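Data block below; observations after.
Nothing in this text is a laboratory measurement; each read-out follows from the coordinates by a stated rule. In this text the structure is predicted, and so the values were computed from the model without any measurement. Here the Cβ is made from the backbone with ideal geometry for all residues, glycine too, and neighbour counts use every protein chain on show.
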Amino acid sequence: MVNKIKNLFTPRLLICTNCASKIEEGDRFIAHITMPAEKKMLVSRMDQAIARTANRVICEKCQ
Ligand SMILES: [Zn+2]
């Protein structure tokens, strides 16, 4: 439980699942996301929410 909470506040980088490069401000990228249940939706910065929710993130170079 404590670890789970701690994990929620550890920033996670939004990285491409193909080439592992970081998605930076101004980058265009594709994210494949499974729509979570309303109760499980994350409320946080968008990049953090996507990094935690997305099945796949594809950067502009890999598209
Ligand atoms: Zn990539």
Note: ILE33 to ARG52 extended length (0.36 nm per residue) minus current alpha-carbon separation gives 5.9 nm
Rounded to the nearest 500, the 222 nm mean residue ellipticity computed for the chain from DSSP H runs (n ≥ 4, each -39500 (n - 2.57)) alone is -7000 deg cm²/dmol
What is the diffusion coefficient of the chain in µm²/s, taking the Kirkwood radius over Cα pairs and the Stokes-Einstein relation at 10 °C with a viscosity of 1.306 mPa s?
-> 127
Dipole-positive endmost among ALA37, THR17, CYS59 within the stretch 5-63 (Cβ charges, Cα centre) | ALA37
If each K or R counts +1 and each D or E counts -1, the residues other than CYS59 whose Cβ falls under 10 Å of its Cβ total 0
